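Quick notes on the structure that follows.
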Amino acid sequence: MNAPVDLTNCDREPIHIPGTIQAHGALIACDSAVSRVTRYSVNAHDMLGFDPALALRGASVEDLFGGEVTHTLRNTLANAALARRPALKFGLALNGLDFDISVHRSGREVIVEFERSGPSRAEPLNIVRTVIGRAMKSHTLEALTTDTARLVRAVLGYDRVMVYRFEPDGSGQVINEAKGAHLESFLGQYFPASDIPQQARALYLRNTIRIIMDSDGARIPVMPAEDELGDPLDLSDAHLRSVSPIHCEYLRNMGVSASMSISIVIDGALWGMVACHHYQ
């Protein structure tokens, strides 16, 4: 169990540079040419199948991963639509294991994130296609949000899926939901603007999908915490970026063990989000 946190620090928390990642994946950071390892998550040896005695910082990427995997990493990065937006590669074979990876640039470094391959890599794309298909047939906001909440819950299996719309004052209202019959309804409820501080809203605009695997999960350090110039690793665009202890406390207080959010962006502004909760 993580220690209690001060819930008054939301607006001052540097959530883009936490120095840690979520425990279901591993991270390797490299120089801009993807030639040398600059940082690594402390679970990388175990998760990626490396010898525990192997020194990762400063290691040659090609010596570490082999020529074929290194070529794949560089090609994946080169094919990214935007330098900071993670490019994805599914089913990368490494040390007898299959990984789904994402690669993107962060300042002077390149971040490579590894997660064990899941059973259905096409699932997110299929969800998007289905939602778009429903949207084209929906003539009202209520119909669209009803279909979206039901579809996301049916496919992903969360206990509750809410469509949340932001008001001009920053507060949010639940305008539709799909939930288990045993759960109380949040439909129509308002949540204060302080529930989602400004720096979190900025990240929701940058990263339209955010998954929290375990609200009580360990935060895995990335080493070294600062580079030779004293800079932390900016994880703004990293899928594995660890979760604010303040937000984890908020989720645990609601009984939420895992969550996913999908940002709804209209004309460059954060209109609302689809919020998915799974309970303990």
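Taken as a whole, the structure places Ser185 among residues that are at pLDDT 95 or above, more than 17 Å from Gly19 (Cα to Cα), more than 15 Å from the chain's Cα centre (by Cα) and part of a loop (DSSP other than H, G, I, E, B). Based on this model, can you work out whether Gly180 counts as farther than 25 Å from Arg39 by Cα, modelled with pLDDT of 95 or more and of a type in the set (Gly, Ala, Ser)? Answer is yes for this residue. Within the stretch 222-271, can you find the residues that are buried (at least 21 other Cβ atoms within 10 Å of the Cβ) and in contact with a Gly (Cβ under 7 Å, 6 or more places away or on another chain)? Matches in the stretch 222-271: Val222, Leu240. Would the stretch 74-89 turn up any residue that is under 18 Å from Ser32 (Cβ atoms) and in contact with a Phe, Trp or Tyr (Cβ under 9 Å, 6 or more places away or on another chain)? No, because not a single residue in the stretch 74-89 is under 18 Å from Ser32 (Cβ atoms) and in contact with a Phe, Trp or Tyr (Cβ under 9 Å, 6 or more places away or on another chain). Taken over the stretch 188-207, residues that are over 18 Å from Ser106 (Cβ atoms), part of a loop (DSSP other than H, G, I, E, B) and either in contact with a His (Cβ under 8 Å, 6 or more places away or on another chain) or free of Cβ contacts under 8 Å to residues at least 60 places away in the same chain (or both) amount to 4.
Of the residues making up the stretch 17-46, those that are crowded, with 22+ Cβ neighbours inside 10 Å, over 17 Å from Ser244 (Cα atoms) and among the hydrophobic types (A, V, I, L, M, F, W, C) are Ala26, Leu27, Ile28, Ala29, Cys30, Val34, Val37, Ala44.
Residue by residue, here is whether (1) closer than 19 Å to Ala218 by Cβ; (2) among the aliphatic types (A, V, I, L, M) holds:
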site	(1), (2)
Ile15	yes, yes
Ala26	yes, yes
Asp31	no, no
Val42	yes, yes
Met47	yes, yes
Asp51	no, no
Leu56	no, yes
Val61	no, yes
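The values are calculated or read from the model by the stated rules, or taken from the named source; none is laboratory data. Keep in mind that what you see is a predicted model, and the values were worked out from it rather than measured. In this analysis, Cβ positions are derived from the backbone assuming ideal geometry, glycine residues included, and neighbour counts consider all displayed protein chains.
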